[in-house]
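Worksheet: the structure to be examined is printed underneath.
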Amino acid sequence: MNLLPKDAYGCPFLQLAPMEGVGDRCFRKAMASIGGFNEAVRDFLRVPRNAHVKSLAKEYEADELASLPLAAQLMGSDPDLMAAMAQEIQQRGAPRIDINCGCPSHTVTGRGAGSSLLKDPNFLHVIAKAVVQAVTIPVTLKMRSGYQDTSLFKENLLAAQESGVRYITLHPRTKVDGYTPPARWDLIAEAKSILRIPLVGNGDILNVDDALKMLRDTKCDALMIGRGSVINPFIFHQIRSHFSQTPYQPKWEDLMQYFDVYRASIPSGMPLRVQVGKLKQLLQFLFKSNAKLLEKRMTVLTSTHTQPEEFLNFVKPLLQEGWSYSLT
Ligand SMILES: Cc1cc2nc3c(=O)[nH]c(=O)nc-3n(C[C@H](O)[C@H](O)[C@H](O)COP(=O)(O)O)c2cc1C
């Protein structure tokens, strides 16, 4: 079965990237209210040594986004625990399990998981195979181009492929790169020429032109978008509309609904000040979406409101002013 089908107009399969912190449940639900993507990937579920997998797995909710599929991502370095966690997640209804081989965080990599797996293709293979063999649902793997450098790039790709994962998602930066230098799309093209399983391209897609260029230059099979969707939540619809040649104009009401869903999804027990902090975190991306909004970004981020409603009432007119410039 093709896990990454194109739509009727030839638009590639579009995925909402996992983004721990920024892209939490509130964001995913808000994005689902706008739609346009085929599947979301949940931010990683840590599988630490001595993990009690049954209780950890409860953080994953298969029906979080109603009818939109939500893949689970696991991050760990103990093959038996990763396999046990995968089984729990499968039982909880996950459509797919993704293995994290990219997280650069020291607290994670210090224990040999995330991007640390890229230091040792043989061990990456052991982990991925353990998960593949533990479940019947598709297992995939998301990786960076390397840890310190790209010297093991090909070995890691092949180790993943040989483990039996169904496809690979490549974010073509090394762990050391973090998020700053431009993503190396040439490595996506190279990976595509090496692999026989499908490849999802990811990294620095901020608008429709970027999406088309990545597809053209790399020949990747599908696209995953992270930060570009926090900056412009309508990006998936805009890509889709290019293929269907049906004009798509984002509506102000849709953006307001996005905020309403986001706000309603914030746990009510969270201190109000922290709720405002969360909204600011979201808005610091959105206010990058055009030059007019960018001018107001600092005003929003430095506002001293402590009540979420008050803060949103302050922000909405600023947003509306910049809105006429349309999102990139
Ligand atoms: C705040 C943040 C959190 C992230 N968390 C995860 C994660 O949990 N799992 C993962 O595989 N990648 C994670 N990533 C990487 C993204 O999924 C993606 O690969 C990267 O941001 C490049 O894509 P983009 O340019 O479209 O954002 C994270 C990225 C950011 C910015």
Practice task
Looking only at the stretch 154-164, decide whether some residue is farther than 23 Å from Met1 by Cβ, of a type outside the set (A, V, I, L, M) and open to solvent by 40 Å² or more (accessible area, probe 1.4 Å).
Solution key: yes
Practice task
Would you mind stating whether Asn2 is polar (S, T, N, Q) and surrounded by fewer than 19 Cβ atoms within 10 Å (Cβ to Cβ)?
Solution key: yes
Fill in the blank from the handout: Note on the stretch 61-81: residues among the aliphatic types (A, V, I, L, M) and more than 15 Å from the ligand (Cβ to nearest atom) are Ala62, Leu65, Ala66, Leu68, Leu81
Handout entry: Residues of the stretch 103-132 satisfying the condition of being open to solvent by 10 Å² or more (accessible area, probe 1.4 Å), in a loop (DSSP other than H, G, I, E, B) and within 16 Å of the ligand (Cβ to nearest atom)
Key = Cys103, Pro104, Ser105, Arg111
Practice task
Could you check the stretch 136-231 for strands (runs of 3 or more DSSP E) lying wholly inside it with 1 or more residues that are more than 16 Å from the ligand (Cβ to nearest atom) and under 20 Å from the mean Cα position of the chain (by Cα)?
Solution key: none
Exercise for the section: Please enumerate the residues belonging to the stretch 237-254 that are assigned to a helix (DSSP H, G or I) and either within 12 Å of the ligand (Cβ to nearest atom) or open to solvent by 20 Å² or more (accessible area, probe 1.4 Å) (or both). Expected result: His237, Gln238, Arg240, Ser241, His242, Phe243, Ser244, Trp252, Glu253, Asp254
Exercise for the section: Determine whether the stretch 296-318 contains at least one residue that is without any contact (Cβ under 8 Å) to a residue 24 or more places away in the chain, farther than 16 Å from Gly23 by Cα and of a type in the set (Phe, Trp, Tyr). Expected result: yes
Handout entry: Criterion (touching a strand residue (DSSP E or B) at 6+ places or on another chain (Cβ under 9 Å) and open to solvent by 30 Å² or more (accessible area, probe 1.4 Å)) met by exactly one of Thr174, Thr169, Thr150
Key = Thr150
Problem - Criterion: buried (at least 16 other Cβ atoms within 10 Å of the Cβ) and more than 16 Å from the ligand (Cβ to nearest atom) - qualifying residue of Lys58, Lys54, Lys29 - result: Lys29
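The values are calculated or read from the model by the stated rules, or taken from the named source; none is laboratory data. Nothing here was measured: the structure is a model prediction, and the numbers come from that model. When we count neighbours, we look across all protein chains shown, and the Cβ atoms used for this are built from the backbone with ideal geometry, even at glycine. Keep in mind that these areas ignore ligands, DNA and RNA; they rest on the heavy atoms of the full protein, side chains included. Shrake-Rupley method; radii C 1.70, N 1.55, O 1.52, S 1.80 Å.
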